[in-house]
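The values are calculated or read from the model by the stated rules, or taken from the named source; none is laboratory data. Keep in mind it's a predicted model, so treat the numbers as computed, not measured. Methodologically, a virtual Cβ is constructed for each residue, glycine included, from the backbone with ideal geometry; neighbour enumeration extends over all protein chains shown.
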Amino acid sequence: MKKYIKLMLLIIPLGGVVVMGFNNCARYGELENASTGSSSLASTSGGPSGGDSIDSQSLGIPFALLSAEQTLASMMKVTNLTTASAATLTEYTARYGSLAAGNDLNMANGPLMLGSTSLAGEVCNSLVAQESAAAAAARNFFGSINFAAGIASVDNASYALAIRGMARSFWGRNENASELAMLTAFKQEMSDALAAANRTAAASTRSLVVGTCAAMLSSLDALTY
Amino acid sequence: MKFIFIITLVTASAFISVHAQVKPDMTAGDLTAAQSNAKKLYERITGTKLPADSPLISQMANLIQQGNSLGAAKLATQDPNFYNITVKLMALPLSTREESLKSPLTDFVAGFIGVTRDDRDARELLTGNFYYRGSGANVRSDIVADILNSNNHYDDLERTRADLSTNLVRVEGQVLSTSATTTVANPDPAGVLTSRGFMGAHALMGTNRRLVEYTFREFMCVPLNMWADTGASDLRIGRDIDRFPSGDHTKFLTSCKGCHTVQDGFRGAFAKWDFSGTGGLKNSAVHTRGDGGGFTIAADTRGVVNKMNKNNTVFPSGYVMIDSSFVNNAIRPANAALFGWRGNALSGTGVKDFGTVVSNSSRFSQCMAKRVFETVCRKILDETKSRDALIKWGTEFEASGYKLKSLFESMSVKPECLN
């Protein structure tokens, strides 16, 4: 009897883990079909896109998620980068599985956001490397940033200019007040978290800009169209 | 002369705009309604985001305000991402059994992009004798080893992120490999239907029925259950189909028969094709008969591949395939109205004839219009509600000379698409 209870205690939670967990490994359309009890036989289900459900399109929602390939192409386009670096391509290949397999908004999930952020980080690395190597006047995004000085030198006004440039390119619009406040708070928190000596190190400015760029480039406004 | 100069200038300025570095205007306000519409139009056509300060937005917005939305769409289709992203992503799900966007680039997809870019008649996709290949420093390009017997060539194009809008080159005349070093002309070329990609997906094992099913799924937008017809002739249904499933003949008559009447009627078109062994794509007219391994094809003395007549004891009185003829059993009223057959659509021989029957139908044109609508407008077309519109768009597509690029441009500015 004791053995039986022990067995049940093991099986019931395990069942819960199996049912509730690992869903990101399933094909979205099939997962949805399974939950509604409808057929998931791709060859006879009749949907033009098979397992890749496109519910947001059926609903006529005027936004669509960028698929994996679109995500990389868009990130390159809005940052003015013409060639993807080796590191970017490696990251893209590694994250390809978690990026969207279609344009349905319900494909946006945790792994997709993490994957997009990682990819955006590499793209932003390339962008910052390109911009910091150019004279301030020749830069597209970060003309207001002094990459030779530490984060302490980045005042709110010059930081706001960098945000404005990225917002217009990545989101296609100006940032709003709450977005600006949130990003400015991020800068302050990052600065506060550093030891005083590190706040004057040039690397801290680069980290701030790459972090801000990656956050903006992987936000939903940058991943939808 | 002056005209040529102006055309050159306009083309050059558009090219520069498409490829230009965009410097954000830090002092500008948000986009106007016309600019927002222009941006949306660009993003739908190219499948990629566009910075708010791109000079293309102003150019396109001006054209839209002048009532020339089509002109604005034409500017967007000059962007390489129209081919590299939008057309490619439309073709990818059509190329594999999984119908996923996350499918590899193949000769099928390259053909689709090429036909669109070169403004060719889209019916060539199912009837033409051509293929598209690329080039590049790190792109393996041996015709036998890398194009016919493997997907190395197209994998490399993808890996090196080749610009498909300029890299792909049309090659007239499809070929098949008969050894590790030799090729022969394809005896029955039919565009992407006889591509390695499509045949590899659907002629691999099985009974070649999938080739018919997926041709109709992808190029007619009709799943098998939608065109099944239990009232059509069952004369062409093979011997491998049980007429008494679970001992119940009624089940065959009311269920199995429906799909097999139409599917098995057309199946004969692929009687001489197989995909197996090292050689991959094979046709019994040019490959040596054998067990199907290496460069041999498993076919009978008439050239019909063995799998077409396999499991012949299930219902020995069923149809025995003896050649590559096919009959169109989708001609009863409901299917005739759905497909809108034209020309000699009742029967034919081989894949090229099959592709001709399919691509000359009005449904093919409507399907292309539907696919383009859903690709650029980002919404599903409800065929029941939009039946008249779909017929109209199909007719417009045909009037344009079956040009896919024009279809993308015109579809993207339809009120049904923009609203």
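Would you be able to tell me the number of residues in the stretch A:102-115 that are facing chain B (nearest Cβ under 10 Å) and at pLDDT 95 or above? Adding up the residues that qualify gives 0. Exactly one residue out of B:Thr160, B:Thr207, B:Thr182, B:Thr194 is in contact (Cβ under 8 Å) with a residue 40 or more places away in the chain and either within 18 Å of the chain's Cα centre (by Cα) or in the same structural domain as B:Asp119 (by TED's automatic domain parsing) (or both), and it is B:Thr194. Could you pull out the residue among A:Gly60, A:Gly51 that is surrounded by 15 or more Cβ atoms within 10 Å (Cβ to Cβ), within 11 Å of chain B (Cβ to nearest Cβ), modelled with pLDDT under 90 and not in a helix (DSSP H, G or I)? Sole residue among the options that is surrounded by 15 or more Cβ atoms within 10 Å (Cβ to Cβ), within 11 Å of chain B (Cβ to nearest Cβ), modelled with pLDDT under 90 and not in a helix (DSSP H, G or I): A:Gly51. Residues in the stretch A:118-140 that are out of contact with any Pro (no Cβ under 7 Å at 6 or more places or on another chain) and more than 20 Å from A:Leu89 (Cβ to Cβ): A:Glu131, A:Ser132, A:Ala133, A:Ala134, A:Ala135, A:Ala136, A:Ala137, A:Ala138, A:Arg139. It is to be established whether one or more residues within the stretch A:176-186 are of a type in the set (A, V, I, L, M, F, W, C), without any contact (Cβ under 8 Å) to a residue 24 or more places away in the chain and either part of a loop (DSSP other than H, G, I, E, B) or in contact with a strand residue (DSSP E or B) (Cβ under 9 Å, 6 or more places away or on another chain) (or both). No, the stretch A:176-186 has no match at all.
Tell me, please, whether a residue that is within 14 Å of chain A (Cβ to nearest Cβ) and under 13 Å from the mean Cα position of the chain (by Cα) can be found in the stretch B:110-131. So that I can check it myself, show each step before the final result.
Within the stretch B:110-131, the first condition is being within 14 Å of chain A (Cβ to nearest Cβ), and the residues that meet it are B:113.
Now drop any that are not under 13 Å from the mean Cα position of the chain (by Cα), which leaves B:113.
Yes, the stretch B:110-131 contains at least one residue that is within 14 Å of chain A (Cβ to nearest Cβ) and under 13 Å from the mean Cα position of the chain (by Cα).
Among the residues making up the stretch A:174-225, a single one is closer than 23 Å to A:Ala73 by Cβ and in contact with an Asp or Glu (Cβ under 8 Å, 6 or more places away or on another chain): A:Tyr225. The residues of the stretch A:90-137 that are touching a strand residue (DSSP E or B) at 6+ places or on another chain (Cβ under 9 Å) and acidic (Asp, Glu) amount to a single one, A:Asp104. Scanning the stretch B:213-251 for residues that are within 26 Å of B:Ser95 (Cα to Cα) and either polar (S, T, N, Q) or more than 27 Å from the chain's Cα centre (by Cα) (or both), we see that the one that is nearest to the other protein chains (Cβ to nearest Cβ) is B:Asn225. Of everything listed in (1) over 28 Å from B:Thr32 (Cα atoms); (2) in a helix (DSSP H, G or I), the single unmet condition for A:Phe147 is (2).
Here the condition is being among the basic types (Lys, Arg) and over 30 Å from A:Ala68 (Cα atoms); of A:Arg199, A:Arg206, it holds for A:Arg199 alone.
Of all residues in the stretch B:28-64, those being within 17 Å of B:Lys414 (Cα to Cα), under 34 Å from the mean Cα position of the chain (by Cα) and not hydroxyl-bearing (Ser, Thr, Tyr) number 12. Would you mind stating whether B:Ser406 is among the hydroxyl-bearing types (Ser, Thr, Tyr), more than 27 Å from B:Asn186 (Cα to Cα) and within 14 Å of chain A (Cβ to nearest Cβ)? Here the answer is no, as B:Ser406 does not meet what is asked.
Among strands (runs of 3 or more DSSP E) lying entirely in the stretch B:280-365, which contain 2 or more residues that are out of contact with any Lys or Arg (no Cβ under 8 Å at 6 or more places or on another chain) and not assigned by TED's automatic domain parsing to the domain that holds B:Val175? By residue number, B:347-349.
In the stretch A:158-167 there is no residue matching the filter, namely being of a type in the set (A, V, I, L, M, F, W, C), outside any helix (DSSP H, G or I) and touching a Gly at 6+ places or on another chain (Cβ under 9 Å). Between A:Leu119, A:Leu81, A:Leu114, the distinction of being closer than 25 Å to A:Lys187 by Cβ and in a loop (DSSP other than H, G, I, E, B) belongs to A:Leu81 only. In the stretch B:184-205, the condition of being in contact with an Asp or Glu (Cβ under 7 Å, 6 or more places away or on another chain) and not in a helix (DSSP H, G or I) is met by at least one residue.
What number of residues within the stretch B:85-142 satisfy the criterion of being among the basic types (Lys, Arg) and assigned to a helix (DSSP H, G or I)? Count: 2. Of the residues making up the stretch A:150-170, those that are surrounded by fewer than 20 Cβ atoms within 10 Å (Cβ to Cβ) and either within 13 Å of chain B (Cβ to nearest Cβ) or touching a His at 6+ places or on another chain (Cβ under 6 Å) (or both) are A:Ala157, A:Ser158, A:Ala160, A:Leu161.
Scan B:Pro80, B:Pro93 and give me the residue that is modelled with pLDDT of 95 or more and facing another protein chain (nearest Cβ under 8 Å). On inspection, the qualifying residue turns out to be B:Pro93. Could you please find all residues in the stretch B:174-188 being out of contact with any Pro (no Cβ under 7 Å at 6 or more places or on another chain) and surrounded by 23 or more Cβ atoms within 10 Å (Cβ to Cβ)? B:Leu176, B:Ser177, B:Asp188, listed by residue number.
Every residue, every condition in (1) closer than 27 Å to B:Leu204 by Cβ; (2) in contact with a Phe, Trp or Tyr (Cβ under 7 Å, 6 or more places away or on another chain); (3) not basic (Lys, Arg), yes or no:
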site	(1), (2), (3)
B:Arg123	yes, yes, no
B:Asn129	yes, no, yes
B:Ser135	no, no, yes
B:Arg140	yes, no, no
B:Leu148	yes, no, yes
B:His153	yes, no, yes
